[in-house]
1. Longer than 24 Å from Cα to Cα, which of Lys112/Lys275; Lys7/Lys277; Lys19/Lys323; Lys147/Lys291 are they? Say none if no pair is.
2. What length, rounded to one decimal in nm, is gained on full extension from Arg200 through to Ile58, with 0.36 nm per residue of separation minus their alpha-carbon distance?
3. When the Karplus curve 6.51 cos²θ - 1.76 cosθ + 1.60 is applied with θ = phi - 60°, which whole-Hz ³J(HN,Hα) does each residue of the range 275-283 get, with x for Gly and Pro?
4. How far is it, in nm, from the label point at Phe181 to the one at Gln42 when both lie 7 Å from their Cα along the line to the Cβ?
5. For the pair Tyr49 and Thr141, how long in nm is the line joining their label points, each one 7 Å along Cα→Cβ?
6. Hey, what do the phi angles of the range 247-260 turn into as Karplus ³J(HN,Hα) couplings, whole Hz, using 6.51/-1.76/1.60 and θ = phi - 60°, x for Gly and Pro?
7. So what are the ³J(HN,Hα) numbers for the range 137-152, from phi and the Karplus equation (6.51, -1.76, 1.60; θ = phi - 60°), rounded to whole Hz, Gly and Pro as x?
8. Can you give me the P(r) profile for the range 164-316? Cα pairs, bins 5 angstrom wide beginning at 0, each as a whole percent.
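All of the numbers you see were taken from the coordinates with simple rules; none came from a lab. The shown structure was predicted, so the numbers you read here are calculated from the model rather than taken from an experiment. Methodologically, a virtual Cβ is constructed for each residue, glycine included, from the backbone with ideal geometry; neighbour enumeration extends over all protein chains shown.
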Amino acid sequence: MKRWITKVIQEDSRDSVSKAREDVITLGHTMGYETTYIYRYQDANEDHYALHSRIDGITAGILPGDLLVYQYPSYNGIQFDRLFLTRMAHRGIIVSLFVHDIEYLRGAVDQKDEVAVFQLVHSMIIHGQAMKEALRSSGVTIPLIQKEFFDYLHTGITVGSVKQSEIKQLVIAGNLNKSSFLNEWPYPLPIMAFGDTDQRIHSSSVQHMGSFSPNELIQKIPHNSLGLAWDTDLDHGGAYQQYTKYNSPHKISLYLSLGIPVVVWDQSGIAPIIKQKNVGITIATLDELPKIWETLSSDQMIQMKQNAITLSRQLTHGMFTRKSLLAAEMIALDYSTRGDL
């Protein structure tokens, strides 16, 4: 059984999309996976015959009984994903979806359409317990492999401990359009914001640092910070706050990989594991931040920092991805042994 992983060819981006996918590929290569390449390309005039031919060309080297880890979504549209995975099933190829996002959970596609796509594969590597429960309640019956965090690979960064007195600000990184509260940040807490935004930030407490590539970003973010992961819904569509009830945001892995404790919504899907590992703070509203900031003891802060540093070693060495890929391989071997392809 050869093992393969998909790579979507697209322009480099400064958001988490490219970084997360590249890290999966890098870790897959260290485990012996080969890469199959998919171009990010949509043609409304491409018929099913032409699309099937393109898919067969993309996957010509993959044989029946091989394992293909399909990074989902491909951003070629749900029709492409459905036809691709249907074609793999017809050819007897074992497929595990490596889920970066569930589109119906953020209102981007129809639930029934996406669930039908999921039922075409042999397993799914998903985020945490909240996402698993949502998928099960939506009718997904295939094996689900939980992965609590995205890994975040980087080298050459020294992550050390700091005292509470050195925690001087909040940081937030990512698509700042999903953080509209920054426009009129009313709190006397300094916050450094990294990422693109179409909005004008008026608060003197917010310092917009600009947008950087992932490699640049890890050099820019100060380690004497708390990392804020707090999305809001967009006025023109995009249920991003609702989506945080289910996903494991990549920015949390960024912060923790640098040994930076985090601040998250207490209703988010990631909140239970943040509390369990004591690597951050969970709050109901941003209005709680000033009081939390004032009342956190030095011992509490140092313990969270030490726990975050411990977790950073796992994230930067790919522990969560490696474990989930091994679980997918075990499921694939079971299918192969039974001949149930």
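1. Pairs exceeding 24 Å: Lys112/Lys275; Lys7/Lys277; Lys147/Lys291.
2. Net length gain for the segment: 46.8 nm.
3. Residue by residue, the range 275-283 yields 5, 4, 8, 6, 10, x, 10, 10, 9 Hz.
4. 3.2
5. The answer from the label model is 3.5 nm.
6. Coupling constants for the range 247-260: 9, 10, x, 5, 5, 5, 5, 4, 4, 5, 5, 9, x, 9 Hz.
7. 5, 8, x, 7, 10, 6, x, 10, 9, 7, 10, 5, 9, 6, 6, 9
8. 2, 9, 19, 24, 23, 16, 6, 1, 0
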